[in-house]
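FYI, it's all coordinate maths here, none of it is from the lab. Only a predicted model underlies this, so the values are computations on that prediction, with no experimental measurement involved. No Cβ is skipped: glycine too gets one built from the backbone with ideal geometry, and neighbour counts run over all protein chains shown.
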Amino acid sequence: DVVLTQTPPTLSATIGQSVSISCRSSQSLLHSNGNTYLHWLLQRPGQSPQLLIYLVSRLESGVPNRFSGSGSGTDFTLKISGVEAEDLGVYYCVQGTHAPYTFGAGTKLELK
Amino acid sequence: QVNLQESGPGIVKPSQPLSVTCSVTGYSITTSYYYWNWIRKFPGNKLEWMGYISYDGSIYYNPSLKSRISITRDTSKNQFFLQLNTVTTEDTAVYYCARHSRVPFDYWGQGVMVTVSS
């Protein structure tokens, strides 16, 4: 199975600070059809996970544009440009290029 | 409005089967090109994708669970089901159902906690 390594495991930020989370894959996530099936989820405390970004950089409907995704091949980044209090929780990358789907271990975003 | 809601036993004894239901409202599970997934979250944040049943009834399981898992559906009730056999304490988790299509995992249920304990 594809292993996704997320760093850092914990991130402390102040409101308004910009932060980045890295997700590295054990193999390329470029599918033979040209798509890269790397997505980002956020699980807020007490809630179900929610989709933030799919296909590396496409913002899910209703997600604020302070969230952005980038990367290719095996290296991907989620950036939050100006953390807000509602952004706290655990962020996961997930890949769907190689069956079965696999998730990163998560990055917990806390307030400093 | 699409809504998914899990229901399950809460506690299951070791070696017994675990059964969870996902009831879907606001969207038919037979709508083309949608896949209906089971995902679980273990204590400590690890997520594991377990399998899906598709709009046409085809099924795909995570090979790590293939010998123990079964996913079925009742289209008349717009529900799909997870059964996991011969559970151990390592199957203690929150079980989620989630929808997937061109946009992955765009709707999730609220999750149901299942504890395996004697």
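Computed from the Kirkwood radius of its Cα pairs, the Stokes-Einstein diffusion coefficient for chain A at 4 °C and 1.567 mPa s stands at 93 µm²/s. Sparsely packed loop sites in segment B:60-105 (the trypsin sites (Lys or Arg not before Pro) outside DSSP H, G, I, E and B with at most 13 other Cβ atoms within 10 Å) comprise B:Lys66, B:Lys77, B:Arg102.
Rank the residues B:Met113, B:Met50 as a footprinting-exposure proxy: fewest other Cβ atoms within 10 Å of their Cβ go first. Could you put the intermediate results ahead of the total?
Working: B:Met113 14, B:Met50 23.
So the residues, fewest neighbours to most, are B:Met113, B:Met50.
Just checking the listed ones, A:Gly71, A:Gly89, A:Gly34: in the Gaussian network model of chain A with Cα springs under 10 Å, the one fluctuating most is A:Gly34.
Just checking the output field for A:101-111: average partner chain Cβ neighbours within 10 Å of each residue's Cβ?
3
Centroid-to-centroid, using Cα positions, segment A:1-77 and segment B:1-42 are 25 Å apart.
Peptide B:102-111 is shielded by partner chain Cβ atoms: per residue, an average of 6 of them sit within 10 Å of its Cβ.
Here's the picture: a label point sits 7 Å out from the Cα of A:Glu110 along the beta-carbon direction, and within segment A:1-45 the residues with their amide nitrogen under 20 Å of it are A:6-22, A:42-45. Given springs between every Cα pair under 10 Å in a Gaussian network model of chain A, which of A:Val63, A:Val19, A:Val94 has the largest fluctuation? Its mean-square fluctuation being the largest, the pick is A:Val63.
Computed FRET efficiency, Cβ-Cβ of B:Ser28 and A:Ser28, R0 45 Å: what is it to the nearest 0.05? Each step should come with its number before you reach the end.
Working: r = 36 Å, r/R0 = 0.80.
My answer for the efficiency is 0.80.
Suppose every K and R has +1 on its Cβ and every D and E has -1 on its Cβ; what is the size of the dipole of chain B about the Cα centre, in Debye to the nearest 20? Write out the running numbers ahead of the final one.
Values: 10 positive and 7 negative charges, 15 e Å.
Dipole magnitude for chain B comes out near 80 debye.
Checking every one of the chymotrypsin sites (Phe, Trp or Tyr not before Pro) in segment B:13-94 against DSSP loop status and a limit of 14 other Cβ atoms within 10 Å picks out B:Tyr33. Within segment A:13-111, the GluC sites (Glu not before Pro) that combine a DSSP coil assignment with at most 14 other C-beta atoms in a 10 angstrom radius are A:Glu84.
Rounded to two decimals, the Cα radius of gyration of the protein assembly as shown over 2.2 N^0.38 Å is 1.01. Do any of B:Lys13/B:Lys46; B:Lys46/B:Lys66; B:Lys13/B:Lys41; A:Lys108/B:Lys66; B:Lys13/B:Lys66 go past 26 Å between their Cα atoms, and which? Over 26 Å Cα-Cα: A:Lys108/B:Lys66. Projected label points at A:Val3 and B:Asn85, each 7 Å from Cα along the beta carbon direction, are separated by 3.1 nanometres.
Using a Gaussian network model of chain B in which every pair of alpha carbons under 10 angstrom is joined by a spring, one finds that among B:Leu84, B:Leu18, B:Leu65 the greatest mean-square fluctuation is at B:Leu65. For a paramagnetic label modelled on A:Glu84 (point 7 Å from Cα along Cα→Cβ), amide N atoms under 17 Å away belong, within segment A:29-59, to A:42-45, A:50-53, A:59.
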